[in-house]
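Colleague: Quick one: this structure, given as structure tokens, is what I'll be asking you about.
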Amino acid sequence: YNDSHTEEPSFLKNFSLDIKGHERVGLVGPSGGGKTTITKLLLRFIDLQSGSITIDGQDISKGTQESLRRAIAYVPQDPLLFHRSLGENIAYSNSRATHADVVRAAKTAHADEFISALPKGYDTLVGERGIKLSGGQRQRIAIARALLKQSEILVLDEATSSLDSESEKYIQEGLWELMKGKTALVIA
């Protein structure tokens, strides 16, 4: 991969990474080292210039982005929330989810505690991009959404890097639960 907007040489030349099913792999390195670029390539937010990425032997460039994104649950550093209710934000990943499913995912992600304390609970509107929530609260909603999605592959892109220690403790517990039985790529 070479970013065409810069004169930088390709930093992923001859790069190879093999992750087995149900394996948890961490990518650790300095800012600007290419960790997030690898995530963007995996999710096809950007395309490869050469080489391939395969999942279960299938080249991801041959399938649709929609089918790829169904297979992968993604929890970014700054999750995107919609100007909708908390319940709708969690259920966004699974159109068949019931309210009980949403509450169960929120409890596992340690989000139910703060949601239940709100006057409108799961019907509380979060504001544009989740502005009415703290960073830790947004992360817990993103984890609940990923839990509800029930994908086999999980990508965590610096999911706790900007949080206070109390929020990080709750989120770490939710992340361990989320990773159970999944193939996980964790970027730190």
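Colleague: Taking 0.36 nm per intervening residue step and subtracting the Cα-Cα distance, what contour gain separates Q150 from S116 on full extension?
Modeller: Working: separation 34, 0.36 × 34 = 12.24 nm, distance 2.35 nm.
Difference between extended and current length: 9.9 nm.
Colleague: Only residues of region 116-145 count here: report those whose backbone N is under 19 Å from the spot 7 Å along Cα→Cβ of K169, or say none.
Modeller: Answer for region 116-145: 134-141.
Colleague: Can you run phi through the Karplus equation (6.51, -1.76, 1.60; θ = phi - 60°) for region 171-179 and list ³J(HN,Hα) in whole Hz, with x for Gly and Pro?
Modeller: These are the phi-based 3J(HN,Hα) values: 5, 4, 4, x, 5, 4, 5, 4, 7 Hz.
Colleague: Please say if region 30-95 is rounded, prolate or oblate, where rounded means a/c under 1.5 for a ≥ b ≥ c the square roots of the C-alpha gyration tensor eigenvalues, and otherwise the choice is prolate for a/b larger than b/c and oblate otherwise? Provide the component values of the computation, followed by the final result.
Modeller: Values: a/c = 3.01, a/b = 1.46, b/c = 2.06.
Because a/c hits 1.5 or more and a/b fails to exceed b/c, region 30-95 counts as oblate.
Colleague: Nearest 20 debye, what's the magnitude of the dipole of the chain about its Cα centre given +1 on Lys and Arg Cβ and -1 on Asp and Glu Cβ?
Modeller: Using Cβ point charges on Lys, Arg, Asp and Glu, the chain gives about 480 debye.
Colleague: Report the FRET efficiency, 1/(1 + (r/R0)^6), for S31 and S61, where r is their Cβ-Cβ distance and R0 is 22 Å, rounded to 0.05.
Modeller: Working: r = 28 Å, r/R0 = 1.27.
Between S31 and S61 the formula returns 0.20.
Colleague: Here's another thing I want to ask about it. Quick check: the distance between the Cα centres of region 96-132 and region 22-87, to the nearest angstrom?
Modeller: If we compute the Cα centre of each part, the gap is 25 Å.
Colleague: Stretched out fully, how many nm does the piece from R69 to S50 gain, at 0.36 nm a residue minus the Cα gap?
Modeller: Values: separation 19, 0.36 × 19 = 6.84 nm, distance 2.12 nm.
Answer, rounded to one decimal: 4.7 nm.
Each reported figure results from applying straightforward, stated rules to the coordinates on display, with no laboratory input. None of these values were measured; they are calculated from a predicted model. Using ideal geometry, Cβ is built from the backbone for each residue, glycine included, and neighbour counts are taken over all protein chains shown.
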